[in-house]
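Notes follow once the structure below has been shown.
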Amino acid sequence: MASQFSSHCLTQLSAITNINGFQLRTLDLKQDIPTLQSWFNQEYAKFWGMQGLSLAAIENLMAATEHKFALMGEWQAKSLFMVELYDPAHDEVGHHYPVAQGDCGMHLIIAPPDGNPVSGLSFKVMDAIAQLVLERLAFNRLVVEPDQLNSKIHRLNSRVGIRYEKAIQLSTKAAFLGFCTAAQRQLASSTPSSTRLAAEQTLAQPSSFKAPLTSPMTLSTL
């Protein structure tokens, strides 16, 4: 799986995959890059570190390789999010923990609100991605490395069942290293809301981790 990450995944997906009411398809570099450029230029997307980049630069960064690929998620006939899946063994994060067979890394960006915000939509997106990785693609673990300053994603990660193991210093950011298995996702979905809220508040400011010094944030993740 590690040596042929992208082909392994894409052969298991139909041209368009429906999960949680979202339609997922392979990123189209010509069609989707202008949309991504507009998303990356939003203030909330600063954690991607791609603000101000040209279309050509974004296309080059988002092009699929043997070890990573991206999907666009559509909802109500509009592009809503982009998720990039990657092999941690061929990424910088793989230097910070012993990568295991069946690990899948993930980066996510969600479109800015279009009209009135829909309550719970961001969580529904996160849950769909967890389903994609842990069920449809049958990976053993979902791996994330969100920027320590991105408090919103910490709460979403907790709700979907992602648990942070430690703080790490990547070349572009100070991050938290987190993992989620199918069992952890199932446990999170069955946890009472009051208990889950307490866990989210704890993980939003993980005091048990000693955070590395912050660094410039470029090409990071939501």
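The values are calculated or read from the model by the stated rules, or taken from the named source; none is laboratory data. Bear in mind that the values here come from a model prediction, so they are computed numbers and not experimental data. Glycine also receives a Cβ, built like all others from the backbone with ideal geometry; neighbour counts cover every protein chain displayed. The area values use the complete protein model at the heavy-atom level, side chains included, leaving out ligands, DNA and RNA. Shrake-Rupley method; radii C 1.70, N 1.55, O 1.52, S 1.80 Å.
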Among Met62, Met50, Cys180, pick out the residue whose Cα is farthest towards the positive end of the charge dipole of the range 37-184, where Lys and Arg carry +1 and Asp and Glu carry -1 on C-beta, about the Cα centre.
Cys180
Ile162, Ile16, ranked by accessible area, largest first (probe 1.4 Å):
Ile16, Ile162
For the range 24-179, what is the relative contact order in percent, using Cα pairs closer than 8 Å and at least 6 residues apart in sequence?
17 percent
